[in-house]
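J.: Shown below is the structure under consideration.
Each value in this text was obtained by applying a stated rule to the coordinates, not by laboratory testing. Note that the coordinates shown come from a computational prediction; the quantities given were computed from them, not determined experimentally. Backbone-built Cβ (ideal geometry, glycine too); neighbour counts: all protein chains shown.
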Amino acid sequence: MKLEPHTITTASGRVVNLVDPSSDEIDWHDVAAHLARIPRFNGATDTDRPPYSVAQHSLFVAELSAWIAVHERGAAQVDPDDAYAYGLLHDSPEYAYGDWISPAKSALQEIARRLAGLDGMSLMQRTLRMLDDGLAHVIHAEAGLPWPPPLAVTTLVKRADLSALAIEQATLRRGPFTAGDLSADGFPERARPWPLEPMTEAEAYEALLYAFADIGIETDGVPR
């Protein structure tokens, strides 16, 4: 079987087309396994502890999203269950192409600008967005969630993501960090304590699968 150059083969042996993905290519064990093995911050966390995975970050953002929905309901008007589900899946496309850290994305855009001016930079931004959005669409469809989510949900999850980033930076990393990394609106201080001891790969994989089941995704048991 000849594969297109823009396809990947997952841990379970499935083939996923990164340009034209379909929901029948999604295996939740693959999503959990890959995210549990992908280090956040390109692995640049405290070397005295295990790597902090994208799977654990996803669980953290889900918890923070639900926290915001419960405690600031009047502002967000988002159901806590929806907040949790969308927070849990907010980085799910990364299971297929990895965690591209923000500086790397910025570097690609800057190189495109130098090569082709502002049009090139804009094209690179759109390319990255389309890659992510195509995978997000089929993953959320397979999870039974509309995509794109309502604006209120997107705004809430983004805030939770920034808050998680601030706590992760302060807890797991050594500075300095790029500007804006800690812009979390004061939320982390109010939300503490949230323990951030990095999970092992097996722990993160299992916890993420159980969380998938909690939002109604059929995972066929844990683990394989």
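J.: Give the long-range amide H neighbours of Trp100: residues separated by 5 or more places, or on another chain, with amide H under 5 Å away, using H modelled in the peptide plane at 1.01 Å from N.
T.: none
J.: Also, quick follow-up: How high is the relative contact order of the range 109-178? Use alpha-carbon pairs under 8 Å, at least six apart in sequence, and give a whole percent.
T.: 14 percent
J.: Here are a few candidate values for volume of the Cα convex hull per residue in Å³: (1) 120; (2) 143; (3) 131. Which one was actually calculated from the structure I just gave you?
T.: Entry (2).
J.: Compute the signed sum of charges (Lys and Arg +1, Asp and Glu -1) over the other residues within less than 11 Å, Cβ to Cβ, of Trp100.
T.: Residues near Trp100 contribute -3 overall.
J.: Moving on to the next point. Using θ = phi - 60° and the Karplus relation 6.51 cos²θ - 1.76 cosθ + 1.60, list the HN-Hα couplings for the range 144-153 in order, rounded to whole Hz, with x at every Gly or Pro.
T.: x, 10, x, 9, x, x, x, 4, 4, 5
J.: Report relative contact order for the chain in percent, whole number only (criteria: Cα-Cα under 8 Å, sequence separation at least 6).
T.: Numbers: 283 pairs, mean separation 59.6, N = 224.
Normalised by residue count, the contact order of the chain is 27 percent.
J.: Does the range 1-113 come out rounded, prolate or oblate by the C-alpha gyration tensor, with a ≥ b ≥ c the root eigenvalues, rounded set by a/c under 1.5 and, if not, prolate when a/b is larger than b/c and oblate if not?
T.: In terms of gyration-tensor shape, prolate.
J.: Right, next: Which length gain, in nm to one decimal place, applies between Arg173 and Thr200 when the Cα-Cα distance is subtracted from 0.36 nm times their residue separation?
T.: Stretched out fully, the Arg173 to Thr200 stretch lengthens by 8.0 nm.
J.: Net charge near Pro198: determine it from the other residues with C-beta under 11 Å of the C-beta of Pro198, scoring Lys and Arg +1 and Asp and Glu -1.
T.: Here the count lands on -4.
J.: Search the structure for amide H atoms under 5 Å from the amide H of Ser53, placed 1.01 Å from N in the peptide plane, and list their residues when 5 or more places away or on another chain.
T.: Residues meeting the criterion, in which the H sits 1.01 Å from N, are Arg40, Met199.
J.: To the nearest 20 debye, what charge dipole does the chain have about its Cα centre, counting +1 at the Cβ of each Lys and Arg and -1 at the Cβ of each Asp and Glu?
T.: Magnitude of the dipole: close to 820 debye.
J.: Quote to one decimal, in nm, the extra length available between Arg49 and Trp147 on full extension: 0.36 nm per residue of separation minus the C-alpha distance between them.
T.: 31.7 nm
J.: Got a sec? Charge dipole of the range 1-86, +1 on Cβ for Lys and Arg, -1 for Asp and Glu; which of Ala44, Trp28, Tyr84 is way out at the positive end?
T.: Ala44
J.: Same structure again: Provide the packing ranking of 8-16, 25-33, 211-219, i.e. peptides ordered by the mean count of other C-beta atoms within 10 Å per residue, highest first.
T.: The densest-packed peptide leads the list: 25-33, 211-219, 8-16.
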